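Below you'll find the structure I mean.
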Amino acid sequence: MTEAILKTKDLRVEYRSRELGQEMKRALKGLNLEVRRGEVYGFLGPNGAGKTTTMNVLLGFVNATAGDAWLFGVNVREPIARQRIGYLPEQTYYYKFLTAEEILRFYAKIFRIPKADVERRIDAVLKLVELEHARKRQIKTYSKGMQQRVGLAQALINDPDLLILDEPTSGLDPVGRMKVREIILRLKNEGKTVFFSSHELGEVETVCDRVAILAQGELKAEGQVAELVRLHQQPNLEQVFLKIIGYHESNDQLTRNRQAA
């Protein structure tokens, strides 16, 4: 078996609602995951399923109520080096007056990358995300897709072994989504481990080795896309997803779909 890079066991996260008198709410209910070295692993679920909460536990932003999580065999509750991890949040913010080069130098300094290696790393990641031509332009002149690729570049500046990406194609047009997908495939070919959440199920189907489907804080399904499609007797991952989360089309929608077909 390939080494597990990321693992959770009986992971539970509870929080108290802000509404007076409300009971504790469970964001995660005993989550068990195992992501192997070199995998591209899709982490799927509707809004509020617990995907971002899981990532926040892994990154040390949130403490689990119970259970455990490990990165590279080290419990995330322990002081662990984040040097081997790259992270892209769903909402990125950069100072608009900075250039891509300046942003990447800033992150290189945070990661304490030796000065002799900084420019080489900047050249490499800008080439990977296809922003070499715009490296000296201010971020305020970038399109949404270009800004997202800058986010990927900063997540890669420390040459991480594991990438955690929260909705990396959110808000992008088809060309932007295609470019991000190509970058993920290149990272896979380099042997990187990629753990990412997405609502773009067609792209997940294209790039992922395995996927997990969450609903209401619980793991409902996990496996290779082809296996899940066969097991649930559906034509594609989107239909598998809808079936697992319990979505049912209204009669009006069914009628429109039949007419469209």
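The values are calculated or read from the model by the stated rules, or taken from the named source; none is laboratory data. A quick note: this is a predicted structure, and the numbers were derived from the prediction, not measured. Here the Cβ is made from the backbone with ideal geometry for all residues, glycine too, and neighbour counts use every protein chain on show. Surface areas here come from the heavy atoms of the whole protein model, side chains and all, with no ligands, DNA or RNA. Shrake-Rupley method; radii C 1.70, N 1.55, O 1.52, S 1.80 Å.
Dipole of the chain (Lys/Arg Cβ +1, Asp/Glu Cβ -1, origin at the Cα centre): which of G176, H232, N32 lies farthest to the positive side?
G176
Answer rounded, prolate or oblate for segment 72-199, using the Cα gyration tensor with square roots of eigenvalues a ≥ b ≥ c: rounded when a/c is under 1.5, else prolate when a/b is larger than b/c, else oblate.
Oblate.
Okay, which of segment 96-116 sit inside 13 Å, backbone N to the point 7 Å along the Cα-Cβ direction of R137?
Residues 99-101 fall inside that zone.
Please identify the longest segment of the chain free of exposed chymotrypsin sites (Phe, Trp or Tyr not before Pro), where exposed means a DSSP state other than H, G, I, E or B and no more than 14 other Cβ atoms within 10 Å.
Values: sites that count: F61, Y93, Y95, F97, Y247.
In short, 98-246.
Would you calculate a helix-derived [θ] at 222 nm for the chain, using -39,500 (n - 2.57) for each DSSP H run of n ≥ 4 and dividing by the full residue count, to the nearest 500?
-11000 deg cm²/dmol
Over all distinct Cα pairs, what is the inverse of the mean 1/r for segment 1-121, reported as the Kirkwood hydrodynamic radius in Å? Please report the intermediate quantities before stating the final value.
Working: mean 1/r = 0.0591 Å⁻¹.
With all distinct Cα pairs of segment 1-121 included, I get 16.9 Å.
Also, quick follow-up: Mean separation of Cα pairs under 8 Å and 6+ residues apart, divided by the residue count of the chain: what relative contact order is that in percent?
On the way: 453 pairs, mean separation 63.2, N = 261.
With pairs under 8 Å counted, the relative contact order is 24 percent.
How many Å² of accessible area per residue for segment 39-187, probe 1.4 Å? Before the final figure, lay out the partial values.
On the way: 6960 Å² over 149 residues.
Result: 47 Å² per residue.
Restricting to DSSP loop positions (anything but H, G, I, E, B) with no more than 12 other Cβ atoms inside 10 Å of their own Cβ, which GluC sites (Glu not before Pro) remain in segment 165-252?
E190, E249
Separate question: Report in % the part of the accessible area of segment 91-139 that belongs to carbon and sulfur, leaving out ligands and nucleic acids; probe 1.4 Å.
57
For the chain, list log₁₀ I(q)/I(0) at each q in 0.10, 0.14 Å⁻¹, using the Debye formula over Cα point scatterers of equal strength and ignoring solvent, two decimals each.
Debye curve over Cα of the chain, log10 I(q)/I(0) at q = 0.10, 0.14 Å⁻¹: -0.55, -1.03.
Suppose every K and R has +1 on its Cβ and every D and E has -1 on its Cβ; what is the size of the dipole of the chain about the Cα centre, in Debye to the nearest 20? Write out the running numbers ahead of the final one.
Numbers: 40 positive and 34 negative charges, 132 e Å.
Dipole about the Cα centre, nearest 20: 640 debye.
Oh, and also: Relative to the longest principal axis of the chain, what angle (0 to 90°, nearest 10) does the C-alpha long axis of helix 100-110 take?
Approximately 90 degrees, to the nearest ten.
Let me ask something additional. With +1 on each Lys and Arg Cβ and -1 on each Asp and Glu Cβ, how big is the dipole of segment 1-155 about its Cα centre, in debye rounded to the nearest 20? Please report the intermediate quantities before stating the final value.
Working: 28 positive and 17 negative charges, 78 e Å.
Rounded to the nearest 20 debye, it is 380 debye.
Of the options L152, H133, I5, report the single residue whose Cα projects farthest towards the positive end of the charge dipole of the chain (beta-carbon charges: Lys, Arg +1; Asp, Glu -1).
Going by the charge dipole, the pick is H133.
Quick check: the angle from helix 115-128's long axis to the longest principal axis of the chain, C-alpha only, nearest 10 degrees?
Helix 115-128 sits roughly 50 degrees off the main axis of the chain.
Here is a further query. Picking from S198, S170, S143, which is most flexible by a Gaussian network model of the chain using Cα springs under 10 Å?
Comparing S198, S170, S143 in a Gaussian network model of the chain, the most mobile one is S143.
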